[in-house]
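Nothing in this text is a laboratory measurement; each read-out follows from the coordinates by a stated rule. All values reported here derive from a predicted model rather than from experimental measurement. Virtual Cβ from ideal backbone geometry, glycine too; neighbours counted across all protein chains shown.
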Amino acid sequence: MGPDIQTRRVQLRDRFASWTPCTLHERLDLCAAAYGDRPFVITDDRTISYAETSQWSRRLADGLAVLGVRPGDRVGMLMANYLEFIPLKFAIARTGAVAIPFNYLYRRDELGYVLAQSECNVLITMTGFMGLDYLGMLDEIAPGWDKAPADAGGLALTALPQLRHVLLLPVDGRHRDGVAEVTDLAALGDRHAGASDGAAVAPGDVGDILYTSGTTGSPKGVMVTHDAVQRTGYASALTRAYEDGRRVLFSLPCYHMFGYVEGLLSVMFVGGAIIPQTTFSPVGYLRGVQQHRATDILCVPTMAVALIQHPDLGSYDLSSLNAILCGSAPAPVWIWQKFRDDLGISEIVTGYGMTECGGAMTLTLPEDPLELSSTTVGRPKLAGAGGLSDGDLVAYMTVDPLTGDPLPEGAEGELASSGPTTMRGYWRKPAETAAVLSAGGLLRSGDLGLVGPDGYLRVTGRSNELYKSGGELVMPREIEEMLSAHDDISQVFAIGLTDERWGEIGCAVVVRRAGATITEHDVIALCKAKLARFKVPKEVVFLEQDELPTTPTGKVQKYRLAGLVTERLNRLERSSG
């Protein structure tokens, strides 16, 4: 038996007794020097070591430099968790450019918006994925993207004037004549070795722009630095007391802080490995744990339920698995009890955070009672020298949701945080930045909650009406605006509902126009055609105008609407049962 949790945590804290900021690619090179031949990325088809990843990233960076990528440029990545994502991510850092891992579930209009708003200079994209045709989307968004460059500077597109180059990662057997691919990029780097060596980049520079939904309904690009995401990753390893060489399996996408920080970056501090999967299936997880001897998995509650209730659970050798991090939504305690009792997993934690903070800022401790994982979202992560003066990664307080004024300790209000991992702001959105981030660095979350006397956070609601579906943040207004354009719909309200099985689900509450016959099936079909999968509501409820709960001035009160709809759905369930 290896060292216990406390011993592992002390060892990891001592190993990083002082925090020396570095860039993302410098961290990779440090790991390559220390862990060389150890596996870093493990897939069913191929495994690459730290040294191989470092070398591959250099070749790709040199290729990008030859294409004209310079410090401050923005390189978009429309990629699922394929092995190539990891060396490409570090290659972008080597050039001093900013990586923009886009949500690959975007449909055409959503993708067109983020490509334009980010002023993306280079796009590296899959050819297609899960029925989505990115080549076809680009044909409609920016006709001519696949034509020969107008000059040495690259493309000259009317729709996306900043976009100079597009590179393809063929994953479905398709190619496009004349368009370079990721393998061509590495070959170009081989012919121009050292082309990226002169890139000027510092740990405090922005390394990523990660898009998240906002109060306007349009995604906002969160700017985070090289140093910030590493501090968050180290704090995860320290709080969870990683053993040397931990292996983390996950399908959560690396365009999201969950997969990127809690998976990829966190294992680097113990010479561990990631086992990324491109899609989630219970069998995929179970087979992956057995085949690659994973010691840890990342999931959201919907995935945890699917795993623990899978009929073939007992058919797999899961003896290597000892830890699980399940976050992004609340989950009932019975899930954790089953993981502990049925699988013998002893280190079960949950957490809370947001992209703007720098990822997950809180975690329950693996030695905590399981009840804390259902009644709280944890305490600020332990970060040692990488955190604040008291060793915590972040400090939380509550403020008045209307005025922003600080509230007394223990009072319920809007959760606000400050710490070294807070975003620099939203890309090209100064007003939206100022609305949530003060000049002194206090970040307002939009979530209601309180900080208990034990330092553990309890989230009680969302002041800005956002909700999560499958671990992804959903902006109700975007769904409402799309559906309200339908001739048969008079009013529509998108709300999040607490669900015992799934944690949280989306629901569309629809008021039909007089004489209209639009059905639940019609609403769902319309959403599926226009929206990314995670935004499609799981429930549709039809109400009459006079059933809507309103204020004296006629404004619909969504928190009361959620209660009304929940009661109606419960009655239907009881009557059908």
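See the values below:
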{"quantity": "TYR559-SER320 FRET efficiency (beta carbon distance; Förster radius 45 Å; 0.05 resolution)", "calculated": "0.50"}
{"quantity": "Computed [θ] at 222 nm, deg cm²/dmol, the chain (DSSP H ≥ 4; -39,500 (n - 2.57); rounded to nearest 500)", "calculated": "-9000 deg cm²/dmol"}
{"quantity": "Packing-based ranking, highest mean first, of 230-241, 338-349, 494-505, 564-575 given that Cβ atoms within 10 Å are counted", "calculated": "230-241, 494-505, 338-349, 564-575"}
{"quantity": "Residues whose placed amide H lies under 5 Å from that of MET354, excluding near-sequence neighbours", "calculated": "GLY359, MET361"}
{"quantity": "Listed peptides 33-44, 362-373 by packing density, highest first (mean Cβ within 10 Å)", "calculated": "362-373, 33-44"}
{"quantity": "Inter-site label distance for GLU573 and ARG174 at 7 Å from Cα along Cβ, in nm", "calculated": "4.0 nm"}
{"quantity": "Considering only the chain, percent of DSSP beta bridges that pair antiparallel, nearest 5", "calculated": "60 percent"}
{"quantity": "Protection-proxy order for peptides 303-311, 482-490, 115-123, each taking the mean of Cβ atoms within 10 Å per residue, highest first", "calculated": "115-123, 303-311, 482-490"}
{"quantity": "Using a Förster distance of 25 Å, the FRET efficiency for ASP190-ARG70 (Cβ separation, nearest 0.05)", "calculated": "0.75"}
{"quantity": "R0 of 30 Å, Cβ-Cβ distance VAL459-ALA434: FRET efficiency to nearest 0.05", "calculated": "0.80"}
{"quantity": "Residue exposure sequence - TRP145, TRP334, TRP427, TRP19 - by fewest surrounding Cβ within 10 Å", "calculated": "TRP334, TRP19, TRP145, TRP427"}
{"quantity": "Relative contact order of the stretch 467-576, defined on C-alpha pairs under 8 angstrom at six or more residues apart (%)", "calculated": "23 percent"}
{"quantity": "Percent breakdown of C-alpha pair distances by 5 Å bin, ordered from the shortest bin, for the stretch 22-202", "calculated": "1, 8, 17, 21, 21, 16, 9, 5, 1, 0"}
{"quantity": "Relative contact order for the chain, counting Cα pairs under 8 Å that sit 6 or more residues apart, in percent", "calculated": "11 percent"}
{"quantity": "Cα centre as origin, Lys/Arg/Asp/Glu Cβ charges: the stretch 224-462 dipole, Debye", "calculated": "700 debye"}
{"quantity": "Net charge dipole size for the chain [Lys, Arg +1 and Asp, Glu -1 on Cβ; Debye, nearest 20]", "calculated": "340 debye"}
{"quantity": "Surrounding net charge for ASP62, when Lys and Arg each add one and Asp and Glu each subtract one, Cβ distance under 12 Å", "calculated": "+2"}
{"quantity": "The stretch 22-202: relative contact order as a whole-number percent, Cα under 8 Å and 6+ apart", "calculated": "27 percent"}
{"quantity": "Cross-link pairs beyond the 28 Å C-alpha cut-off, checked among LYS220/LYS381; LYS381/LYS528; LYS89/LYS338", "calculated": "LYS381/LYS528; LYS89/LYS338"}
